[in-house]
Amino acid sequence: NMLKVYITDLSAYNQGFLEGKWVDLSISEEELSNEIKEVLENGAKVCKETNHEEYFITDYEFETEYKLFKVEEYSNVYELRNRVEELEMLSDEDLKRVSYLIDYLSYKFEEALEKYEDVTIYENMTLKDVVEQYIDETVDFSNIPEIIANNIDYDSIARDWEISGEFDSIDGDVYHYVN
């Protein structure tokens, strides 16, 4: 269960009654319809007004640390449910990639879902660590004099990579994304 929303009957609310319930959005669409119907029926019981068709979200809780999409008062709960369903298929690391694209690079949710596989995360590393690892894996030191190999300026390369905009250091991890 990644996201819970508190669904509130709008008519009852306008009459001064807070009639609603917490709903976990990892349920089926049919179950969600039943939950909404129940909220609206209960709303109709507590207040005299007959029109109980509208609801809104008065609160929500993400059960994940990642910022994946906005939840607003009048967000479509079926759309939110579909997003939750798409995200529940992803691993934690993939959620982290999606979150990075949305939160740091301002991608829209759908775009982030298409492009998250293009993000590489180097966990618990600095950009200098990533530079060192990259050079270690790609450079054949056997033909380079030791004095040159020992004087590679990893800090300078790390600064240049950061300036390139392809790398971001966030919370002790390095993200690499080439679009």
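Overview of results
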{"item": "Amide proton proximity set for E54, modelled H, under 5 Å, gap of 5+", "result": "L10, S11"}
{"item": "Amide proton proximity set for L3, modelled H, under 5 Å, gap of 5+", "result": "L25, S26, E63"}
{"item": "In the stretch 124-168, the chymotrypsin sites (Phe, Trp or Tyr not before Pro) that fall in loop regions by DSSP, at most 11 other Cβ within 10 Å", "result": "none"}
{"item": "Sequence of D24, D140, D59 from largest to smallest accessible area, 1.4 Å probe", "result": "D140, D59, D24"}
{"item": "Added length on full extension, which subtracts the Cα-Cα distance from 0.36 nm per residue, N14 to E30", "result": "3.1 nm"}
{"item": "The stretch 10-23 - phi-based ³J(HN,Hα) in whole Hz, Karplus 6.51/-1.76/1.60, Gly and Pro as x", "result": "5, 4, 4, 4, 5, 8, x, 10, 8, 10, x, 7, 6, 10"}
{"item": "Inter-site label distance for M89 and N42 at 7 Å from Cα along Cβ, in nm", "result": "3.3"}
{"item": "Integer Hz, Karplus 6.51/-1.76/1.60 couplings in order for the stretch 104-112, x for Gly and Pro", "result": "9, 10, 6, 6, 6, 3, 4, 4, 4"}
{"item": "Trypsin sites (Lys or Arg not before Pro) restricted to the stretch 3-105 and DSSP loop, no more than 10 other C-beta within 10 Å", "result": "K48, K70"}
{"item": "Surrounding net charge for L10, when Lys and Arg each add one and Asp and Glu each subtract one, Cβ distance under 9 Å", "result": "-3"}
{"item": "Helix-only CD estimate at 222 nm, as mean residue ellipticity for the chain, using -39500 (n - 2.57) per DSSP H run (n ≥ 4)", "result": "-13000 deg cm²/dmol"}
{"item": "Under the Karplus curve 6.51 cos²θ - 1.76 cosθ + 1.60, θ = phi - 60°, whole-Hz ³J(HN,Hα) for the stretch 116-124, x wherever Gly or Pro sits", "result": "4, 5, 8, 9, 10, 10, 9, 6, 6"}
{"item": "GNM result for the chain, Cα springs below 10 Å: residue of Y55, Y107, Y74 fluctuating most strongly", "result": "Y74"}
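The values are calculated or read from the model by the stated rules, or taken from the named source; none is laboratory data. Please read all numbers here as calculations on a predicted model, not as lab measurements. As a convention, Cβ positions derive from the backbone with ideal geometry for all residues, glycine included, and neighbour counts pool all protein chains shown. The accessibility values were calculated without ligands, DNA or RNA, using every heavy atom of the protein model including side chains. Shrake-Rupley method; radii C 1.70, N 1.55, O 1.52, S 1.80 Å.
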